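Working notes, structure below.
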Amino acid sequence: MALTATTLFGVVVLLCVLAPWLPLPDPNHKNLSESLRPPFWLPGADISHPLGTDHLGRDMMSRLLFGGRLTLAIVFAAVVLAAAIGLLVGIVAGYRGGWIDTLLSRLVDTQLALPFILLALTFVIAAGSSVPILIVVLALGSWASFARVVRGEAIGLRGRTFVVALESAHIGSFGIIFRHILPNLTPVLLVVGVVQIGVMILAEAGLSFLGMGVSPPQVTWGTMLTGGKDYLSLAWWVIILPGLCIVLTTLSLNMLADVARDKFDPTVTRGGDK
C-alpha cells in the first residue's frame with residue numbers, strides 16, 4: 001500500500017511540476033472547431049488531444065497538468081502556513097498551560113466552530129478572489145487541526161524527564177520549546193500535514209465550484225469542475241477527468257497518512273492493536 005500510494009502521488013506531482021517543459025499546447029488556447037473532442041479511446045478522437053478537449057477546444061491533458069500544478073502549489077503553501085500557525089499556538093498552549101492554554105484552546109474551539117464557507121465568503125467579499133487570498137483562506141480554515149494535535153503532544157512531552165531536567169537547569173522556555181520539544185513533534189506534524197493536503201485539495205475544489213476559487217485564465221482542478229458541469233451529459237470527460245485527478249490524489253494522500261501514522265505512532269503495533 002505504501003509503495004502504491006507513494007508512486008501514485010509521486011507521478012502526479014512530477015507530471016504537474018514538469019508541465020511547463022512537456023510538449024503540451026497552451027492550456028488556455030481556444031479552438032472552437034475542436035470543442036468537446038473525446039479522449040483517444042472513443043470514436044471521433046483527435047490524437048493531438050489524447051484526453052480530449054473542453055467546450056472551448058482547450059486541450060484537457062494540458063489543463064489537467066497545469067491545473068494540478070497550481071492546485072498543488074496553493075495547497076502546499078496553505079499547509080505550510082497552517083502548520084506554522086497551528087504549531088505556534090499548539091506548542092505554546094501545551095507547554096505553558098494555565099490561563100494561556102485556556103485562552104488559546106478557546107481560540108481553537110472558536111475557529112473549529114466557525115463554518116469554513118462563511119470564513120471563505122467573508123474573505124472573498126472583502127479582498128477579492130486571488131491565489132494569495134485562497135491560500136490564506138485555506139490556511140485559516142485548517143490551522144486549528146494542527147494546533148489541537150500539537151497541543152496534546154506538547155502536554156505529553158511537558159512532563160517527560162528530559163524536559164523537567166532542562167527546566168531544572170534553568171534553560172529558558174524558548175530554548176526548551178524550539179530546541180527540544182519541536183523536534184519530537186516532527187512525526188505528528190508530518191501525519192497531520194499529509195492529511196491536510198488531501199483535505200485542502202477537496203476544499204479548493206469546493207470553493208472553486210462555488211465561484212470562490214482562482215480567476216481565469218488561471219486554472220485548477222476545481223475550476224475545471226466548475227467549467228465542465230454544464231457539459232456532463234454531452235462530454236463526461238470534461239468533469240470526470242479533473243474529478244478523477246482529485247479523487248486519486250486525495251486517496252493516495254490518505255494512504256500515505258495511514259502508513260506514516262503506523263510508522264511513527266509507537267502505540268500502533270503491526271497487527272493494528274493498541
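Quick note: the coordinates plus some simple rules give every number you see, no bench work behind them. Being a predicted model, the structure only gives us computed values, none of them experimental. Because the Cβ atoms are built from the backbone with ideal geometry, glycine has one as well, and the counts that use them run over all protein chains shown.
Observations
- This ranking places Glu204, Glu153, Glu167 by how few other beta-carbon atoms lie within 10 Å of each, fewest first, which gives Glu167, Glu153, Glu204.
- Segment Arg106-Leu88, length gained on full extension (0.36 nm per residue, minus Cα span): 5.0 nm
- Around Ser208: net Lys/Arg minus Asp/Glu count, Cβ-Cβ under 14 Å: +1
- Estimated from the Cβ-Cβ distance and a Förster radius of 25 angstrom, the FRET efficiency linking Trp236 and Trp21 is about 0.25.
- Computed label-point distance, nm, for sites Leu114 and Val13 using a 7 Å Cα→Cβ extension: 3.0
- Estimated inter-spin distance, Leu182 and Ala127, nm [label 7 Å along Cα→Cβ]: 2.4
- The stretch 200-267 - Kirkwood radius from inverse mean 1/r over Cα pairs (Å): 13.3
- Exposure proxy order (Cβ contacts within 10 Å, fewest to most) of Arg69, Arg261: Arg261, Arg69
- Over 19 Å [Cα-Cα, the stretch 1-137], rounded percent: 69
- Screening the chain for whole DSSP H helices of 15 Å or more along their axis (Cα) with average Kyte-Doolittle hydropathy at least -1.0 returns 2-17, 60-96, 98-113, 116-127, 143-158, 186-209, 237-264.
- Report summary: the helix-based calculation at 222 nm, which adds -39500 (n - 2.57) for every DSSP H run with n ≥ 4 and divides by the residues of the chain, gives -21500 deg cm²/dmol.
- Nitroxide proxy distance, nm - points 7 Å out along Cα→Cβ at Asn254 and Ala169: 4.5
- Checking [x] 17.9; [y] 14.7; [z] 20.4 against the coordinates, the calculated mean projected area of the Cα convex hull in nm² falls under label [x].
- Neighbours of Leu241, meaning other residues whose beta-carbon lies under 11 angstrom from its beta-carbon, give a summed charge of 0 when Lys and Arg score +1 and Asp and Glu score -1.
- Among Asp46, Asp54, Asp230, the order by Cβ neighbours within 10 angstrom, fewest to most, reads Asp230, Asp46, Asp54.
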